[in-house]
Amino acid sequence: MALSHGFRHLAFEDVGSTNSLCVEEAEKGDPGQLWITGTRQLQGRGSRGRHWVSESGNLYASLLLCEAGHLEKLHTLTFVASLAIRDAILCLPNAGLTKVDLKWPNDVLLNGKKTSGILLESHLIRNQRYVVIGIGVNIEHFPVETLHPATSLINEGLNTKPADFIQILSDAMANRLIQWNQGNGFASIRTDFLQAASNLGKTIEVRMPSKTQEPTRIGKFTGIDEQGLLLLEGSNGKIERISVADIFFA
């Protein structure tokens with residue numbers, strides 16, 4: 001199926017992982033700009049290997065890009081995707097009655113609760129650099145026992161279907177990729193992300209990977225730097241740059 005802006009769409013029923021299917025297409029020589037969706041995802045995964053609940057009625061999608069931009073900027077596509085998901089949600093009827101925020105580094109919050117997550121992968125295949133942007137959006141269902149409170153679009157009064165939402169999302173992603181401009185436009189993406197960032201300027205708790213010597217830090221979330229790292233201001237006024245962590249709000 002053809003989408004706007006030159007994107008294509010392959011829709012499946014039950015899949016193992018939409019990210020894995022994108023890699024398979026890349027290995028066949030796909031030129032990119034390909035969306036793959038599944039009605040259910042049987043082997044879905046989130047950041048750091050976390051399981052993503054994959055009930056029918058939610059959106060399970062991955063976007064395959066080929067030679068998308070500068071290698072050192074590819075990781076910032078997480079912010080591009082976050083903004084695109086937010087843009088798509090704000091296009092829905094009644095979206096003006098909801099609060100749609102972004103939570104560093106890759107969550108979209110609806111009225112303070114997680115409704116979407118992103119998993120970014122990079123692969124070198126036949127001397128070409130492919131990026132897969134995996135996106136899960138809670139449309140009908142959401143998990144209850146989670147690390148962070150979750151919700152769904154319908155639970156917050158935003159009615160849509162996965163088949164409709166992927167078209168809105170694809171348009172939004174195309175526009176954000178143009179803004180990103182192969183990584184050259186990340187400064188603009190960064191500005192837009194910070195305008196939508198949850199708890200900017202407020203005290204947050206940062207939980208680092210378990211192997212670190214100081215697994216928990218408390219400080220003020222002052223922004224993200226030119227590489228997308230979280231900036232945490234400690235009680236002594238010193239700024240720490242953090243690449244991987246879970247953050248919690250007071």
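Annotations for the structure displayed:
- Among the residues of the stretch 77-103, just one is surrounded by fewer than 24 Cβ atoms within 10 Å (Cβ to Cβ), modelled with pLDDT of 95 or more and of a type in the set (S, T, N, Q), namely 78.
- Residue match in the stretch 107-118 (condition: surrounded by fewer than 22 Cβ atoms within 10 Å (Cβ to Cβ), touching an Asp or Glu at 6+ places or on another chain (Cβ under 7 Å) and among the charged types (D, E, K, R)): yes
- Scanning the stretch 1-43 for residues that are over 11 Å from residue 64 (Cβ atoms) and of a type in the set (Phe, Trp, Tyr) yields one hit, 12.
- Taken residue by residue, the stretch 17-30 has no member that is in contact with a helix residue (DSSP H, G or I) (Cβ under 7 Å, 6 or more places away or on another chain) and at pLDDT 95 or above.
- Residue in the stretch 181-189 that is touching a residue at least 12 places away in the same chain (Cβ under 8 Å), in the same structural domain as residue 62 (by TED's automatic domain parsing), buried (at least 18 other Cβ atoms within 10 Å of the Cβ) and within 16 Å of the chain's Cα centre (by Cα) present: yes
- Filtered residues of the stretch 191-215 (kept if farther than 25 Å from residue 110 by Cα and surrounded by 12 or more Cβ atoms within 10 Å (Cβ to Cβ)): 212, 215
- So residue 162, is it in contact with a strand residue (DSSP E or B) (Cβ under 9 Å, 6 or more places away or on another chain), surrounded by 12 or more Cβ atoms within 10 Å (Cβ to Cβ) and modelled with pLDDT of 95 or more: yes
- Residues that are at pLDDT below 95 and touching a strand residue (DSSP E or B) at 6+ places or on another chain (Cβ under 6 Å) do not occur anywhere in the stretch 69-76.
- Residue 225 vs. criteria surrounded by 12 or more Cβ atoms within 10 Å (Cβ to Cβ), assigned by TED's automatic domain parsing to the domain that holds residue 84 and touching a residue at least 12 places away in the same chain (Cβ under 8 Å): no
Table: residues versus (1) small (Gly, Ala, Ser); (2) in contact with a helix residue (DSSP H, G or I) (Cβ under 9 Å, 6 or more places away or on another chain); (3) farther than 26 Å from residue 242 by Cα; (4) assigned to a loop (DSSP other than H, G, I, E, B).
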site	(1), (2), (3), (4)
63	no, yes, yes, no
76	no, yes, no, no
81	yes, yes, no, no
93	no, no, yes, yes
102	no, yes, no, no
117	yes, yes, no, no
120	no, yes, no, no
135	no, yes, no, no
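- In the stretch 52-60, the condition of being closer than 16 Å to residue 174 by Cβ, touching a residue at least 24 places away in the same chain (Cβ under 8 Å) and crowded, with 18+ Cβ neighbours inside 10 Å is met by no residue.
- Within the stretch 122-146, tally of residues that are exposed (fewer than 13 other Cβ atoms within 10 Å of the Cβ) and of a type in the set (Asp, Glu): 1
The values are calculated or read from the model by the stated rules, or taken from the named source; none is laboratory data. Since the model is a prediction, treat every value here as computed from it, not as a measurement. Here the Cβ is made from the backbone with ideal geometry for all residues, glycine too, and neighbour counts use every protein chain on show.
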